[in-house]
There are 2 protein chains.
Amino acid sequence: MSAEPPVPETSVLAVASHVVSGHVGNKIAVFVLQSMGCDVSALNTVQFSNHTGYRQWKGTRVSAQEITDLWEGLKQSYLDQFDMMLSGYVPGAAAVEAVGNIAKELKEKSRTKPGSFFWVLDPVMGDNGKLYVADDVVPAYRGLVQHADLILPNQFEAEQLSEVKITDSASLRQAIEVLHTKFNIPHIVITSVSLPLSDSQTTSPNSRTMSVVGSTKTSTGKPRLFKIHFPVFECYFSGTGDMFAALMVVRMREVVHNAGGALSSTTSWLSGDEVAPLDLPLARAAEKVLASMHEVLSRTCESMATETAQAGIVNGLPAGGATLSSEEEEKKRHLLRSRAAELRLVRNLSCLRSPNIEYRAEKM
Amino acid sequence: MSAEPPVPETSVLAVASHVVSGHVGNKIAVFVLQSMGCDVSALNTVQFSNHTGYRQWKGTRVSAQEITDLWEGLKQSYLDQFDMMLSGYVPGAAAVEAVGNIAKELKEKSRTKPGSFFWVLDPVMGDNGKLYVADDVVPAYRGLVQHADLILPNQFEAEQLSEVKITDSASLRQAIEVLHTKFNIPHIVITSVSLPLSDSQTTSPNSRTMSVVGSTKTSTGKPRLFKIHFPVFECYFSGTGDMFAALMVVRMREVVHNAGGALSSTTSWLSGDEVAPLDLPLARAAEKVLASMHEVLSRTCESMATETAQAGIVNGLPAGGATLSSEEEEKKRHLLRSRAAELRLVRNLSCLRSPNIEYRAEKM
């Protein structure tokens, strides 16, 4: 593992949830960013005992006022100099607006120095056709995304923002066009597209695939689309979106920095129109991110198999389970499975720094 | 940098403060523990914009009730299995008791499996002759330390706990004896002793030294004392105690694990009476910890010099300072100096994993 960080000195403001146990939100994003050499200011939007996928948790949300206060606290002590910002889960529309105000201020401050601030926004709202935030969070994000440099919605969130139902390649392209033109968003990565996007992407019984679809707009707002297919693990993980987002922050910074020239001092790091979709920094970054993701998930799957086998979750319950009702048994099984599915990162750091790139960007 | 973590799989509950910006409390402890391969559950006792050494900050404290709730949240989802616990700054006596109750429960649960749980307690109360917590926090800690396996007070905190004023080697030994016998604490490291403890420790104009003094009690409660001298950087850092504590967690686990034999399944990892002071796992661990500390602090000093020179803090204020009153100037200078003194760890990870051991334990 190389000791040299992949990015130059990079100060990142990370705004997301904190869980005491497990690896979602800022709990994983901050560690990923720090391990890659970023100096991270971590503004936690909640403190919960564990992620909500367990179906039970304790803890408290931070109010919009508290978010604004913490930001004021940073400003009054000259601690508000950031190269990048990453925002993830924020509880409620008022808090989303409070976070948006921070990003807008940082954006405004950087106006005279193009490219000196870059906001990566993960508009966490829902998945698989269902919102898991209050309804008014959707318009709150619609009012904000125009200030972001890169957004990372999943397929459902891209639909919510663009108001285009994604059912095939054409509607996918249309959704991305809306995000580029109506909302003026420079870079978009849709993190989980489950449409079949090509003949080569056949579903074999051994490996179901999904795609990441990305685009950096041209100077006239046209999409430059690419897709990357990757195999899906038949496992429900939490925190993958947060890890993906943190890695995108690092890899965009790295690729743009290594490109040299004027790109890093261009507003939103927008490549000239001569750059083809497969040559975009966004495509290079996404390939590296997916490579790390695949390695961490594959290590997680291995550990998970061991842990569930040890706990006897497959064949029944651990000792003591016999006295539980079947409903209690199912609950306990779900909790132990959730724990076993927590991302295994701390002992697999080499997956972050120097992953093998297996999945390449393709034309759409 | 070796990719292999120094410790076997280790689950740690870390309870301390969180700051958005900078590196104190859990903000540095969690990263140190994770970088060394520990799976960390991080219970944050406050969320402040920055550490209090800046003399101004915003944010909120977590109540004793919230601490207890988060713990209940962990327990109800089977997330309460820990090999070690590290507790640092906790706001107020009620919250200290809430944290103590968690440790006591974990201790009780491990009673049938000696050595399976180890609590490292940093009794954060004050420094340099002054309390920076409410008066009732002192008796709260006095009521708790008997349950800790290792405590890490500074000289002032050791005085508060033992009620022995430390003025020379004899009173230092006496304070440690009280902690071993009256409070039954197995391992003690006093993290900053500024007494001259030997002739060899002369104060040269180039390098002032301080000492860490440690002891593991024998079966009859006798101290086994060692000291390690280290050079002092003429700089005021924050977060060094928190980093020291996190590293002690890792190194104690490592040294005891590598020792093999029955030590790791002995209550409180207490070495047999035949083990001499300089052969104690505690002495080995402290040497490694000080080596990492010295490297990180020395990198921090270098960066600090560059940053303060760039900001023009030495010769005056950065541009714009001319319009400030002298009081405002002094305040701004203090804030910029505090920022420049934040520990530089994320880009210096090799200091953690494989430091050069320069300062060795000596007899007292």
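Of all the residues in the stretch A:178-194, those that are in contact with a helix residue (DSSP H, G or I) (Cβ under 9 Å, 6 or more places away or on another chain) and assigned to a helix (DSSP H, G or I) number 2. Among the residues of the stretch A:257-279, the ones that are in a helix (DSSP H, G or I) and free of Cβ contacts under 8 Å to residues at least 40 places away in the same chain come to 3 in all. If you check B:Gln65 against the conditions, is it over 22 Å from B:Leu152 (Cα atoms) and in contact with a Leu (Cβ under 9 Å, 6 or more places away or on another chain)? In short, no. Only residues that are in contact with a helix residue (DSSP H, G or I) (Cβ under 8 Å, 6 or more places away or on another chain) and farther than 16 Å from A:Lys75 by Cα were counted across the stretch A:101-116, and they come to 4. Can you name every residue in the stretch B:68-91 that is β-branched (Val, Ile, Thr) and more than 10 Å from chain A (Cβ to nearest Cβ)? Hit for the stretch B:68-91 is B:Val90, nothing else.
Residues in the stretch B:115-148 that are in a loop (DSSP other than H, G, I, E, B) and more than 17 Å from B:Ile185 (Cβ to Cβ): B:Ser116, B:Asn128, B:Gly129, B:Tyr132, B:Val133, B:Ala134, B:Asp135, B:Asp136.
Of the residues in the stretch B:131-153, at least one is at pLDDT below 95, in contact with a strand residue (DSSP E or B) (Cβ under 9 Å, 6 or more places away or on another chain), over 30 Å from B:Glu254 (Cα atoms) and surrounded by fewer than 22 Cβ atoms within 10 Å (Cβ to Cβ). Counting only residues that are over 18 Å from B:Lys130 (Cβ atoms), in a helix (DSSP H, G or I) and not small (Gly, Ala, Ser), the stretch B:152-177 holds 5 of them. Exactly one residue out of A:Ala95, A:Ala42 is part of a helix (DSSP H, G or I) and either in contact (Cβ under 8 Å) with a residue 24 or more places away in the chain or not aliphatic (A, V, I, L, M) (or both): that is A:Ala95. Please verify whether the stretch A:47-65 includes one or more residues that are more than 30 Å from B:Glu307 (Cβ to Cβ), more than 9 Å from chain B (Cβ to nearest Cβ) and hydroxyl-bearing (Ser, Thr, Tyr). Yes, the conditions are met somewhere in the stretch A:47-65.
Anything in the stretch B:16-46 that is aliphatic (A, V, I, L, M) and more than 9 Å from every other protein chain (Cβ to nearest Cβ)? List them, or say none. The answer is B:Ala16, B:Val24, B:Ile28, B:Ala29, B:Val32, B:Val46. Quick check on my filter: what residues within the stretch A:114-130 are acidic (Asp, Glu) and buried (at least 20 other Cβ atoms within 10 Å of the Cβ)? Within the stretch A:114-130, A:Asp122 is the sole residue that qualifies. The residue that is modelled with the lowest pLDDT, counting only those in the stretch B:280-329 that are in a helix (DSSP H, G or I) and farther than 28 Å from B:Leu349 by Cα, is B:Gly321. Being closer than 23 Å to B:Ser338 by Cα and buried (at least 21 other Cβ atoms within 10 Å of the Cβ) is the filter; apply it to the stretch B:184-229 and report the residue that is modelled with the highest pLDDT. Top of the filtered list is B:Thr191.
The values are calculated or read from the model by the stated rules, or taken from the named source; none is laboratory data. Everything quoted here is computed from the prediction, not taken from an experiment. Note that each Cβ is placed from the backbone with ideal geometry, even for glycine, and that neighbours are counted across all protein chains shown.
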